[in-house]
1. Being free of Cβ contacts under 8 Å to residues at least 60 places away in the same chain and of a type in the set (A, V, I, L, M, F, W, C): is that true of B:Ile351 here?
2. Of the conditions (1) within 14 Å of another protein chain (Cβ to nearest Cβ); (2) surrounded by 24 or more Cβ atoms within 10 Å (Cβ to Cβ); (3) under 25 Å from B:Thr368 (Cβ atoms), B:Leu248 fails just one. Which one is it?
3. List pairs: first residue in the stretch A:152-181 and within 14 Å of chain B (Cβ to nearest Cβ), second residue crowded, with 24+ Cβ neighbours inside 10 Å and of a type in the set (Lys, Arg) anywhere in the structure, Cβ distance under 8 angstrom, at least six positions apart or on different chains.
4. I'd like the full set of residues that are crowded, with 24+ Cβ neighbours inside 10 Å and on the phi > 0 side of the Ramachandran plot, limited to the stretch B:343-392.
5. For A:Arg253, which of the numbered conditions (1) in contact (Cβ under 8 Å) with a residue 12 or more places away in the chain; (2) more than 14 Å from chain B (Cβ to nearest Cβ); (3) within 22 Å of the chain's Cα centre (by Cα) fails to hold?
6. Residue check: is A:Ser186 within 14 Å of chain B (Cβ to nearest Cβ) and buried (at least 24 other Cβ atoms within 10 Å of the Cβ)?
7. What number of residues within the stretch A:373-424 satisfy the criterion of being more than 15 Å from A:Ile337 (Cα to Cα) and of a type in the set (S, T, N, Q)?
8. Of (1) under 20 Å from A:Asp348 (Cβ atoms); (2) surrounded by fewer than 24 Cβ atoms within 10 Å (Cβ to Cβ); (3) of a type outside the set (Val, Ile, Thr), B:Asp163 satisfies all except one. Which?
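The values are calculated or read from the model by the stated rules, or taken from the named source; none is laboratory data. Please read these numbers as outputs of a predicted model, since none were measured by experiment. Note that we place each Cβ from the backbone using ideal geometry, even for glycine, and neighbour counts take in every protein chain shown.
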Number of protein chains: 2
Amino acid sequence: MFKFGIGEIMNYIGKMVEIVFRNALKEDEIKGTILPSSTDKTYILKLKNGYNVGILKENIVIIKETQEKMETIETIKEKKVSQDINKPKVLIFSVGGTIASKIDYNTGGVSAQFSADDLLNLIPELKSLANIEAYSFSNLLSENITSKHWEEIAKAVYKKIKDGEYKGIIITHGTDTLHYTSGALSFLLNGTNIPIILVGAQRSSDRPSSDSTYNLLGAVKFILESKKGGVFVSLHSGNSDNEINIILGTRARKMHSSKRDAFKSINKGIVAKVIFDLRNIKNSKVEFFEAYNELNSEQKLTEPGKLNNKVYLLKFFPGQDPQIISYLKKEGYKIVIIEGTGLGHVADNFIDFIRKEKDIVFFMTVQTIYGRTNMGVYSTGIKLKDAGVIELKDMLSEVAFVKGQHVLGKTDKKAEIIDLMTKPLFFEMGNRTEE
Amino acid sequence: MFKFGIGEIMNYIGKMVEIVFRNALKEDEIKGTILPSSTDKTYILKLKNGYNVGILKENIVIIKETQEKMETIETIKEKKVSQDINKPKVLIFSVGGTIASKIDYNTGGVSAQFSADDLLNLIPELKSLANIEAYSFSNLLSENITSKHWEEIAKAVYKKIKDGEYKGIIITHGTDTLHYTSGALSFLLNGTNIPIILVGAQRSSDRPSSDSTYNLLGAVKFILESKKGGVFVSLHSGNSDNEINIILGTRARKMHSSKRDAFKSINKGIVAKVIFDLRNIKNSKVEFFEAYNELNSEQKLTEPGKLNNKVYLLKFFPGQDPQIISYLKKEGYKIVIIEGTGLGHVADNFIDFIRKEKDIVFFMTVQTIYGRTNMGVYSTGIKLKDAGVIELKDMLSEVAFVKGQHVLGKTDKKAEIIDLMTKPLFFEMGNRTEE
């Protein structure tokens, strides 16, 4: 063994080291290979089990190079993956996105596909927890996903649920529109008796700080311990590796372009939190919250219907020309979800355009994201309601948009549309009057 | 004096009481009239000085009714308001909104206008701090504000700045679109040597918890202590009464439909925090932050130009029909601000439409709100850039929209538009690569 001082991280990249570091009250030891770090304040260590761990430089007491050879992804890949068929079966259903890419630590290159074996090699703890099966549905960038894909994904996942083989299904998906898809599946697969969890990654796997490992493990942990079904989203709850949030599919929203904890649960609490024990994944815990208790296991899953994409999501802005309403009418839109200002307002000059278009059903959401419509407080809200605008309270505009497609797939009768839109299916609308 | 127990709040409404309550380490005493409260956990007390204070019921030790008569708004109104002309002059420029309404505690009714005298009677501390002048510009609901109003407000405020009489100008404005207006004024009045502060209120003044008093006092306190100019927004930083944030006009966004701390500073820190001493407003402190230090007092104010409203703010959603681009072209829009997904993406089928419309300049912002565009990471971003889309990094889409109007008011040449849009004027765009 060779001992060297605590210098610049760059000098140690690729070296297998033993580090003694201060950990709250005591000193602790860890072994791994130094990876490139985006800051010189933190050492990123790739552990033997495949995880990356960050250690603050200021907490390091001793760093020693070892002569041990780290297994590379390539050497791991040659191993035969054997799974324990007695463990609960979990399906990983891959739609695409950053999470579907993986790193080759020898070349630094990124490959955009993974197989079940690849995945198990990269994240060996998966097989210690469950009997993993993988299904490659597509390799779509999530910005290209449309309602046709939602229909197809729902149909395929529905079949897998009906198989009755799985304790839960994980859908890997790009994060750009993951919250639109989670909304759509919440409606299309409403009543599922097993958890369906959308998992994304914010960091492409060619970076040492990729979050895909923990997001996936968090989803599996939740699946193993949940006694209830539903559609959820699983991503980091903070910047540290050791906590994953499970969010209702209708309450998730991407609130940061790049942070690992980009997904927030809006206007409702999270379902559960998975708290990892980074040394022994089996000791990790799932903490359940109020929203989990509210899950109804009595609902019945039915074959997912069709979506009708004649729904427009219209963000209002000051001085906007209300002629846009006439355009939307001409293009055949049947539902317009308005993202209004404040408690659900648009300019006065929109009101007559809205009142006139009897073929379109108008719904109101808020562009503040947090909070809810309350169209009885100011004159504008009252006038808009009188013109026929229906308020969707605390429903996210993105979720209202996909719900519109779901509802329009079932009926084209105005009264029925309004009735279905304002009847909560999966926690997308609450009655809170929080201020 | 009559002493009574700690029962239901409803029984005490309108009574003048003395309360002894636990306050961190010691007991404290306060006197005032009990107002209606939205929760039975908190007593709302109207103090003699006009403020409302909330006291948690569980902290109350003794509550005693007094025989003193509280001055009502009506009795206060009869007083002659005298101001100290030697104090710094602050102008309150009223555009409208909730903050311009006030309560009559005798009738419970709300009147939608206020005069300088009304304001000084309602908030007597204003005159202990400054020599307040009021100017009633309009009584607009902020959802009805357009670029024409922004031009007129800027012109009127410009004249008031040029008068040289004021230490600062407060613009009272509805909160719905306050952040659009603060963006517009940041560009139109760029280089102001005095603080121009937009102030709104989230609670209509017919409620005991109205925030207008503190938002106004916070703005005045900042004006008195600031040595630099700029356009800012002043609203509650949290749910408690005692902290007000001063946010850059290009960084504020309404992030909650109704909470008093609805306005957040996005992708950049606040300029200052005003921390109130609720017993003696003169002892309140202004804490300055990094963003204050960055303010440049060397800039020169020029007469505000015209705005050109041929700018469209387009929120992308999955499966959106790219034909909307042809419609915007037909309607004569010159700039389209796209609110893309993730790091600044739209579906592949938009790319050809964008490439084709040579008369429109396309800019990209992120619908995640937090974070920034980064169009060099994924293939979609790279292809969009190649098609001519310009990324606006961490600029808020609402601010990009108003900046587009400002830039288009100056030039219609594509290269100049791009140059002006991507050159920061007042902190609307940074170069952080935060993850």
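1. Values: free of Cβ contacts under 8 Å to residues at least 60 places away in the same chain: yes; of a type in the set (A, V, I, L, M, F, W, C): yes.
When the stated conditions are applied, B:Ile351 passes them.
2. Failed condition: (1).
3. Note: pairs meeting the criteria are A:Thr175/A:Lys254; A:Asp176/A:Lys254; A:Leu178/A:Lys254; A:His179/A:Arg253; A:His179/A:Lys254.
4. B:Gly344, B:Gly371
5. That leaves (2) as the condition not met.
6. Details: within 14 Å of chain B (Cβ to nearest Cβ): no; buried (at least 24 other Cβ atoms within 10 Å of the Cβ): yes.
Answer is no for this residue.
7. Qualifying residue count, the stretch A:373-424: 4.
8. The failed condition is (1).
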